[in-house]
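Undergrad: Here you go, one structure.
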């Protein structure tokens, strides 16, 4: 659940910062055309500043959330029956797997390997795309 909260807050902060950039670009486009700055452009600038500040504050709070979630995970705080069981989805019918079978362990291992390959592949694709789009001076 803590990672879902982290993901939701990250997405919200990203949307706020992206909207701030769009509004700031709108203001600068009207400002540099030497036009008298309209009230809509000034309102866009005010919203841009507000969204930027709130987005950065939310990102800072989100940093503490993910650090706290990691500390809780590595300290064993989440290793309780309530956190291990499927209480949230099954309410009173929740259960906790105490002894896992060899098939379950193999399935978990293959899932982790697949996730690691996907993460490394997407990072490598991003780096390749970044290298292709870089303008080198020379």
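Undergrad: Extension gain residue 77-residue 109, at 0.36 nm per residue separation less the Cα-Cα distance, in nm? Spell out each step's value before the answer.
TA: Numbers: separation 32, 0.36 × 32 = 11.52 nm, distance 2.32 nm.
The span from residue 77 to residue 109 would gain 9.2 nm if fully extended.
Undergrad: Now, a different point. What's the exposure ranking of 134, 17, going from fewest to most Cβ atoms within 10 Å?
TA: On the way: 134 7, 17 17.
Placing the least packed residue first, the sequence is 134, 17.
Undergrad: Going by C-beta contacts inside 10 Å, put 56, 109 in order with the fewest on the left. The partial results should precede the final answer.
TA: Values: 56 14, 109 10.
Result, fewest neighbours first: 109, 56.
Undergrad: What FRET efficiency, computed as 1/(1 + (r/R0)^6) with R0 = 35 Å and r the Cβ-Cβ distance, is obtained for residue 70 and residue 15, rounded to the nearest 0.05?
TA: 0.90
Undergrad: Over the C-alpha atoms of the stretch 99-138, what are the Rg and the largest Cα-to-Cα span, Dmax, in Å?
TA: Using the Cα atoms of the stretch 99-138, the pair Rg, Dmax is 17.8, 62 Å.
Undergrad: Could you give the nm distance between label points at residue 61 and residue 8, where each point is 7 Å from its Cα heading toward the beta carbon?
TA: Modelled inter-label distance: 1.2 nm.
Undergrad: Order by neighbour count: 15, 54, fewest other Cβ atoms within 10 Å first, most last. Working shown, then result.
TA: Numbers: 15 12, 54 15.
Final ranking by Cβ density, sparse to dense: 15, 54.
Undergrad: I've got another one for you. Residue separation times 0.36 nm, minus the C-alpha to C-alpha distance between residue 40 and residue 102: what's the value? Write out the running numbers ahead of the final one.
TA: Values: separation 62, 0.36 × 62 = 22.32 nm, distance 6.38 nm.
Additional length available on full extension: 15.9 nm.
Undergrad: Report the FRET efficiency, 1/(1 + (r/R0)^6), for residue 92 and residue 124, where r is their Cβ-Cβ distance and R0 is 41 Å, rounded to 0.05. Don't jump to the answer; show the numbers that get you there.
TA: Values: r = 46 Å, r/R0 = 1.12.
Efficiency, from the Cβ-Cβ distance: 0.35.
A short reminder: the numbers here are calculations on the coordinates, not readings from a lab. Computed from a predicted model, the values in this text were never measured in an experiment. FYI the Cβ positions are ideal-geometry reconstructions off the backbone, even for glycines, and counts take in every protein chain you see.
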